[in-house]
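Here's the structure, in structure tokens; my notes come after.
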Amino acid sequence: MKKILVIMLMLFTTIAQSQILAERERSQIKDEMLGERFNKILPQLMDRTNIDMWILISREYNEDPVLRTMLPSTWLNARRRTILVFNRNKENDTLEKLAIARYNIGKNIQSAWDKEKQPDQWKALLDIIEERDPSKIALNISENFGIADGLVKTDYDEFMEILPTEYKDRIVSAEDLAVGWIETRTFREMVIYSDFVEITHNIIAEAFSTNVIQPGVTTTDDVVWWMRQKVTEMGMETWFHPTVDIQRSNEKLVDHITAFSDENGSAVILPGDLLHCDFGITYLNLNTDCQQMAYVLKAGENSAPEFLTEAFKKGNRLQDILTSNFKTGASGNEILSKSLKQAQEEGLKASIYTHPLGLYGHSAGPTIGMWDQQEGVPGTGDYPLYENTVYAIELNTEVEIPEWEKSVRIMLEEAGFWGEYGFRYVNQRQRDLMLIPSERAEN
């Protein structure tokens, strides 16, 4: 235990200093975290979902999204046909982690197939099933969650063909178990996550500064590609192409689709512009997703206009309303409905589209609205909120600005954690507009 704490402290210090680990060190951390997930999270989730055996089947270059998160760091893809079997004996408090494969899958999953004794991989799987005689056999089949629907038709058909009739009635969807695996975070992951979000914030802060932006010269595309290049040079990846957009006094407010795409095209950044970015990166199997805003100072200005400062506060207020309605067991649709009703009562023109965040950017778990589904999201919105989960608190509020004779949209997104002691931001949130001086303002 002492050794683990020392390693975590070293890791915390390393990431806090924005020093991205080398590949070998990353590999070690990834595999240790994966082992913790198998040993601590998976047994609890199998008990919670009342599943005895979980079978994941995948083939090289067509990996099940859940199985992909279970591969060791040295496996960039599955090999041939990879079959994983997790067998839970709750009474004995044991969890077998087996692979119907020719070799072990890292240190966590042991090979359970001797091809010389049993040449047929499917029959080797059947032997495992018959020996353990599970009451429920879960497969990754899901109507609501794409991430939990990774079993392809060919593998399903071949598996069902060899499965005896007595076991076919025991097949159930692994949806709740698969989603639980994807959404649940360990303490160690959250230590890393906090500093990883800080790195994300720091990149945005530099992007929205005179280090990158020269008003009147720099375009929004210049900033986007600077962010992409910055992440690459740091040894990480973006999981989606960033966007940077402008709201200004003499241009009408664009719709949601345009605001979050490149349909608006590239534009030169000018003094008086209200900037917004959408940016997320991947590191150590975790993902960030962040939207922040900045104002480009005009000549003679030392702060943003009061009307924009007040508008930004309304965005923070909407965040507070949403996160105050988080409650373990509440569905995403329930949280959405309560939050929108409260926002309306407070005079906010709100839109909420918050999603789970973690092993994937748009991850699995309760969907709390989509920008075009503010009445609720069937299926994924009905899934309940569990503890030890992370969300991209993504939303906007439209604010009328008489000085500009138009409305502006305050668009924010920050990583938030829901746990035993309630809600907290993974690593703070933006509370004030970032300020970008212009050359004329600096003189």
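Every read-out reported here was derived from the displayed coordinates using simple, explicitly stated rules and does not represent laboratory data. Given the structure is predicted, the values throughout are model-derived calculations rather than measurements. Because the Cβ atoms are built from the backbone with ideal geometry, glycine has one as well, and the counts that use them run over all protein chains shown.
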Next item on the list: Note down the magnitude of the dipole of region 272-388 about its Cα centre, charges +1 on Lys and Arg C-beta and -1 on Asp and Glu C-beta and zero elsewhere, to the nearest 20 debye.
Entry: 120
Next item on the list: Using per-residue counts of other Cβ atoms within 10 Å, averaged over each peptide, order 233-241, 333-341 from highest down.
Entry: 333-341, 233-241
Check: For region 261-324, what class follows from the C-alpha gyration tensor (a ≥ b ≥ c being the square roots of its eigenvalues): rounded when a/c is under 1.5, otherwise prolate if a/b is larger than b/c, else oblate?
Finding: oblate
Next item on the list: Quick one: of Lys123/Lys168; Lys313/Lys338; Lys30/Lys136; Lys117/Lys168, which pairs are farther than 24 Å apart, Cα to Cα?
Entry: Lys30/Lys136; Lys117/Lys168
Check: Given the Cα-Cα distance of Ala330 and Glu36 and 0.36 nm per residue of separation, how much length would full extension add, in nm?
Finding: 103.1 nm
Check: In a shell of Cβ-Cβ distance under 15 Å around Ser135, excluding Ser135 itself, what net charge do Lys and Arg (+1) and Asp and Glu (-1) give?
Finding: -2
Item checked: Contour minus Cα-Cα distance for Glu130 and Gln118 (0.36 nm per residue) -> 2.8 nm
Checklist line | R0 of 35 Å, Cβ-Cβ distance Arg102-Glu143: FRET efficiency to nearest 0.05 | finding: 0.55
Margin query: Under the rule a/c < 1.5 gives rounded, and otherwise a/b versus b/c splits prolate from oblate, where does region 223-337 land using the Cα gyration tensor?
Written below: oblate
Check: What does the charge count near Arg170 come to, summing +1 for each Lys or Arg and -1 for each Asp or Glu among other residues with Cβ under 9 Å from its Cβ?
Finding: -1
Item checked: Gyration tensor (alpha-carbon) shape descriptor, region 372-443, a/c threshold 1.5 -> oblate
Notebook entry, point to check: Under the rule of -39500 (n - 2.57) per DSSP H run of 4 or more residues, summed and divided by the residues of the chain, what mean residue ellipticity at 222 nm is obtained, to the nearest 500 deg cm²/dmol?
Noted result: -10500 deg cm²/dmol
Note to self: What percentages make up the Cα-Cα pair-distance distribution of the chain when the bins are 20 Å wide from 0?
What the structure shows: 23, 50, 22, 4, 0
Next item on the list: Rank Glu166, Glu198, Glu63 by mean-square fluctuation in a GNM of the chain with C-alpha springs under 10 angstrom and give only the top-ranked residue.
Entry: Glu166
Notebook entry, point to check: Which length gain, in nm to one decimal place, applies between Glu398 and Glu25 when the Cα-Cα distance is subtracted from 0.36 nm times their residue separation?
Noted result: 129.8 nm
